[in-house]
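Undergrad: Take a look at the following structure, please.
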Amino acid sequence: MPLDEALGIVPYQQSSEELVRLGCLLSVMMPYGQASEVLRQWSGLSVSAASLWNWVQQVGQRAEAALAEVLAVQAGGEGVAPEPMAAALAALPLAIGADGVMVPFRPTPKTPKGAIQWREVKVGILARLGRRVTRAGKTVPQLLRRRLVAVLGTIDDFIPVIQLEATRQGVDTAPLVVWLSDGGRGFWRVYRTCFATAIAVLDFFHAAGHLARATEALFGSLHSAEAQAWFQRWRHWLRHGQARRVRQTLLHLIHLPGWSASAFATLLQVQAYFQRHHHHTRYQTFERLGLPLGSGMVESACKWLIQQRFKGVGMRWSEDGFNHLLLLRLAWANHRFDDLFPSVPNPLTDPSPNL
């Protein structure tokens, strides 16, 4: 049959659920061609990359339907049960962050022709905040029980998915909830919609980047000694409890005459940015509470979850092909991969990453 040939299926071939599970697991971790070769080397069975793709679509469709069902329950006002959690973990603060990452897609379905279409995937991470001691003897935050969400869609598509995972991770009973993000307005709408009672932290490094913009507007460049001294002073104020002084200085500069139109516009934008986030830049207070000052945890999640698997050389995705594989990769990352194969006995080793 032509379809069988396209899928790499030989006559009378039957695939056990165990083999499908293994093929999907390998496809979650590496490109389909590599997964096919590893499966052949490991098992001696020849399963084409096209067959692996087909398996992922089938399992991904089941995962998609299951997620839609739970989201419908949530939208109907019915409670979603939190996942079981050890009391020691439940007593720790819950950190939540979100960011976006661009992925290359095919402009026309079922054909690789045409220029790449870049689309944003919105990624969220939820983790309990523990503590660990570094080799230098410094106590720093440690992320425990990390769970990931990701959506190819709008902020409105993303909100119910991160709400669902937050409920599963005990957001309503956590002793402290922390939101971490950069200045993207869409993600701050997620914060206001879902987690408005949480402590919100504006990523310090993004905030410092806006100070660099303002410094460049003042001096025309960041390279002079005077410009660097000005920037370092502002950055020190921001980091050490003097964010109000930063805002006041920006406000004073805006009212001085003689600015070019572009410099004035930049200063106005930066001042508005810090005014908008004045509750979210209390870095000295956040540090005393033992909270992270940056959104590195979600930036790392974007790289690990999305870039490593979906942005390889020459990769371009269809929407369904991307979404189905993403759901499997999320299931693996969140220790739920085995739930997709209920008829397969639990393996001796956990296929999910040690998160």
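Undergrad: Just checking, does segment 313-325 include any residue being closer than 30 Å to ARG131 by Cβ, under 21 Å from the mean Cα position of the chain (by Cα) and hydrophobic (A, V, I, L, M, F, W, C)?
TA: Residues of segment 313-325 closer than 30 Å to ARG131 by Cβ: none.
Looking through segment 313-325, none of the residues is closer than 30 Å to ARG131 by Cβ, under 21 Å from the mean Cα position of the chain (by Cα) and hydrophobic (A, V, I, L, M, F, W, C).
Undergrad: For the structure I just gave you, tell me whether GLY60 is surrounded by 12 or more Cβ atoms within 10 Å (Cβ to Cβ), of a type in the set (Gly, Ala, Ser) and in contact with an Asp or Glu (Cβ under 6 Å, 6 or more places away or on another chain).
TA: Values: surrounded by 12 or more Cβ atoms within 10 Å (Cβ to Cβ): yes; of a type in the set (Gly, Ala, Ser): yes; in contact with an Asp or Glu (Cβ under 6 Å, 6 or more places away or on another chain): no.
Taking the combined requirement at face value, the residue does not satisfy it.
Undergrad: So, in segment 192-232, of the ones that are of a type in the set (S, T, N, Q) and in a loop (DSSP other than H, G, I, E, B), which residue ends up modelled with the lowest pLDDT? Can you show your working first?
TA: Taking segment 192-232 as the starting set, the residues that turn out to be of a type in the set (S, T, N, Q) are 193, 197, 215, 221, 224, 228, 232.
Going one step further and asking which of them are in a loop (DSSP other than H, G, I, E, B), we end up with 197, 221, 224.
On the way: THR197: 95, SER221: 91, SER224: 94.
Only one residue tops the list, namely SER221.
Undergrad: Kindly indicate which of HIS324, HIS252 is part of a helix (DSSP H, G or I), farther than 30 Å from GLY23 by Cβ and not aliphatic (A, V, I, L, M). Before you say what the answer is, go through the steps one by one.
TA: Values: HIS324 fails: farther than 30 Å from GLY23 by Cβ.
Going through HIS324, HIS252 in turn, just one is part of a helix (DSSP H, G or I), farther than 30 Å from GLY23 by Cβ and not aliphatic (A, V, I, L, M): HIS252.
Undergrad: Let me ask you something else. Read through the list (1) surrounded by 15 or more Cβ atoms within 10 Å (Cβ to Cβ); (2) out of contact with any Ser or Thr (no Cβ under 9 Å at 6 or more places or on another chain), then give the number of the only condition that GLY97 fails.
TA: (2)
Undergrad: Follow-up question, since we're still on this one. Can you tell me how many residues within segment 256-275 are outside any helix (DSSP H, G or I) and either over 18 Å from TRP230 (Cβ atoms) or basic (Lys, Arg) (or both)?
TA: Narrowing segment 256-275 to residues outside any helix (DSSP H, G or I): 256-260.
Then keep just the ones that are either over 18 Å from TRP230 (Cβ atoms) or basic (Lys, Arg) (or both); that gives 257.
Qualifying residue count, segment 256-275: 1.
Undergrad: Also: Do we have any residue at all in segment 114-131 that's crowded, with 17+ Cβ neighbours inside 10 Å and in contact with a Cys (Cβ under 6 Å, 6 or more places away or on another chain)?
TA: yes
Undergrad: Which residues, counting only those in segment 100-119, are in a strand (DSSP E or B) and aliphatic (A, V, I, L, M)? Spell out the reasoning first.
TA: Kept after step one, since they are in a strand (DSSP E or B), are these residues of segment 100-119: 100-105, 117-119.
Hits for segment 100-119 are VAL101, MET102, VAL103.
Undergrad: From the list VAL70, VAL59, which residue is out of contact with any helix residue (DSSP H, G or I) (no Cβ under 6 Å at 6 or more places or on another chain), at pLDDT 95 or above and not aromatic (Phe, Trp, Tyr)? Break it down stepwise before answering.
TA: Numbers: VAL59 fails: out of contact with any helix residue (DSSP H, G or I) (no Cβ under 6 Å at 6 or more places or on another chain).
The unique qualifying residue is VAL70.
Undergrad: Sticking with this one: Among the residues of segment 100-130 satisfying the criterion of being out of contact with any strand residue (DSSP E or B) (no Cβ under 8 Å at 6 or more places or on another chain) and in contact (Cβ under 8 Å) with a residue 12 or more places away in the chain, which is nearest to ALA150 (Cα to Cα)? Break it down stepwise before answering.
TA: Restricting attention to segment 100-130, the residues satisfying the condition of being out of contact with any strand residue (DSSP E or B) (no Cβ under 8 Å at 6 or more places or on another chain) are 108-115.
Right, trim to in contact (Cβ under 8 Å) with a residue 12 or more places away in the chain and you get 109-110, 112.
Values: PRO109: 22, LYS110: 24, PRO112: 24 Å.
Looking at the filtered set, the residue picked out is PRO109.
Undergrad: Which of the residues belonging to segment 136-172 are among the polar types (S, T, N, Q) and modelled with pLDDT of 95 or more? Quick ask: steps written out before the conclusion?
TA: Here is the first cut: in segment 136-172, the ones among the polar types (S, T, N, Q) are 139, 142, 154, 163, 167, 169.
Hits for segment 136-172 are THR154, GLN163, THR167, GLN169.
Undergrad: Collect the residues in segment 82-99 that are in contact (Cβ under 8 Å) with a residue 60 or more places away in the chain and either outside any loop (DSSP other than H, G, I, E, B) or of a type in the set (A, V, I, L, M) (or both), keeping them in residue-number order. Working first, answer last.
TA: Step one: list which residues in segment 82-99 are in contact (Cβ under 8 Å) with a residue 60 or more places away in the chain, which gives 82-83, 85, 90-99.
Passing the criteria: MET85, ALA90, ALA91, LEU92, LEU94, ALA95, ILE96, GLY97, ALA98, ASP99.
Undergrad: Related question: Only one of VAL246, VAL270, VAL298 is β-branched (Val, Ile, Thr) and more than 17 Å from GLY209 (Cα to Cα); which? It would help to see each step written out before you state the result.
TA: Values: VAL246 fails: more than 17 Å from GLY209 (Cα to Cα); VAL270 fails: more than 17 Å from GLY209 (Cα to Cα).
Step by step, each of VAL246, VAL270, VAL298 is checked, and only VAL298 is β-branched (Val, Ile, Thr) and more than 17 Å from GLY209 (Cα to Cα).
Undergrad: If ALA136 passes every condition in (1) surrounded by fewer than 16 Cβ atoms within 10 Å (Cβ to Cβ); (2) in contact (Cβ under 8 Å) with a residue 24 or more places away in the chain; (3) assigned by TED's automatic domain parsing to the domain that holds THR173; (4) among the small types (Gly, Ala, Ser) but one, which one does it miss?
TA: The one condition ALA136 does not meet is (2).
Undergrad: Of all residues in segment 256-286 being of a type in the set (A, V, I, L, M, F, W, C) and over 14 Å from VAL246 (Cα atoms), which is nearest to the chain's Cα centre (by Cα)? Talk me through it step by step, then tell me what you get.
TA: Applying the first criterion (of a type in the set (A, V, I, L, M, F, W, C)) to segment 256-286 yields 256, 259, 261, 263-265, 267-268, 270, 272, 274, 286.
Of the ones still in play, those that are also over 14 Å from VAL246 (Cα atoms) are 256, 259, 261, 263-265, 286.
On the way: LEU256: 41, TRP259: 39, ALA261: 37, ALA263: 34, PHE264: 34, ALA265: 32, PHE286: 22 Å.
Residue satisfying both the conditions and the ranking: PHE286.
Undergrad: Being under 17 Å from ALA301 (Cβ atoms) and in contact with an Asp or Glu (Cβ under 6 Å, 6 or more places away or on another chain), is that true of even one residue in segment 170-189?
TA: yes
The values are calculated or read from the model by the stated rules, or taken from the named source; none is laboratory data. Nothing here was measured: the structure is a model prediction, and the numbers come from that model. Positions of Cβ are generated from backbone atoms using ideal geometry, with glycine treated the same way; all protein chains shown enter the neighbour counts.
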